[in-house]
1. For the ranges 107-114, 52-59, what's the packing order if you count other beta-carbon atoms within 10 Å of each residue, average per peptide, and put the highest first?
2. Given the peptides 63-72, 94-103, arrange them by the average over their residues of other C-beta atoms within 10 Å, most packed first.
3. For GLU25 and THR114, what does the FRET efficiency come to when R0 = 35 Å and r is the distance between their Cβ atoms, rounded to the nearest 0.05?
4. Which distance in nm do the two modelled labels at ALA64 and SER14 give, with both placed 7 Å along the Cα-to-Cβ direction?
5. Less than 12 Å Cβ to Cβ from THR68, Lys/Arg counted +1 and Asp/Glu -1: what total charge do the surrounding residues give?
6. Helices from the chain with mean Kyte-Doolittle at least -0.5 and a Cα length along the axis of 15 Å or more, per DSSP H: which?
7. For every other residue with a beta carbon closer than 13 angstrom to the beta carbon of ASN80, add +1 if it is Lys or Arg and -1 if Asp or Glu, then tell me the sum.
8. What does the net charge come to around GLY104 if you take all other residues with beta carbon closer than 10 Å to its beta carbon, with K and R at +1 and D and E at -1?
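The values are calculated or read from the model by the stated rules, or taken from the named source; none is laboratory data. From a predicted model like this one, the values you see are computed outputs, not experimental measurements. Note that we place each Cβ from the backbone using ideal geometry, even for glycine, and neighbour counts take in every protein chain shown. We work out accessible area using only protein heavy atoms, side chains counted, and drop any ligands, DNA or RNA first. Shrake-Rupley method; radii C 1.70, N 1.55, O 1.52, S 1.80 Å.
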Amino acid sequence: MKLIIMRHGQASWSAPSDKERSLTEQGVREVSNTVALLAGQRVDFIFASPYLRAQQTGRIAAEAFGLTVETLDELEPDGNPAKVLDALPDSGVVLLASHMPMVGYLTGLLCDGTPKVGPSFQTGMALVLEMDILAPGVGRVIERFIP
């Protein structure tokens, strides 16, 4: 199984709430550039946080891969990475559009078995993890895409 963990692109600070922050023009470019770099990947499913900027990120990827975006509440910035694993299919190639610190926590859980330790992601960045089963501590980063 492969899991592509992607942070949303740069987001505007002018919004009524954090959930409503949208991608800036630069954020759209970041996501579009990363998705173009991912073009050689097969993607079977796309899940995104319910926050607007992650939904926009997911839609850009979905358009490129001919898929739809499924909303996964567990992908919110301060969600529980273990609950994310429980909600995902256990096979195929899954792209997740989420936020810091969730993307770092999820990577830490999958690669090191520790959800509170993980890499920092710049906006629009994606890591591709490979694993035999979807479980803590068994993932390995095989590619990194930076816009």
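1. Numbers: 107-114: 19.0, 52-59: 25.1.
With the highest mean Cβ count within 10 Å placed first, the list reads 52-59, 107-114.
2. Working: 63-72: 15.0, 94-103: 24.6.
Result, highest mean Cβ count within 10 Å first: 94-103, 63-72.
3. Details: r = 37 Å, r/R0 = 1.04.
Rounded to the nearest 0.05, the efficiency is 0.45.
4. Going by the 7 Å Cα→Cβ label model, 2.8 nm.
5. Values: positive: ARG59; negative: ASP44, GLU63, GLU70.
Its environment carries a net charge of -2.
6. 25-37, 52-65
7. Values: positive: LYS83, LYS116; negative: ASP73, GLU74, GLU76, ASP78, ASP86.
Once positives and negatives cancel, what remains is -3.
8. On the way: positive: ARG7, LYS116; negative: none.
After counting each charged neighbour, the total is +2.
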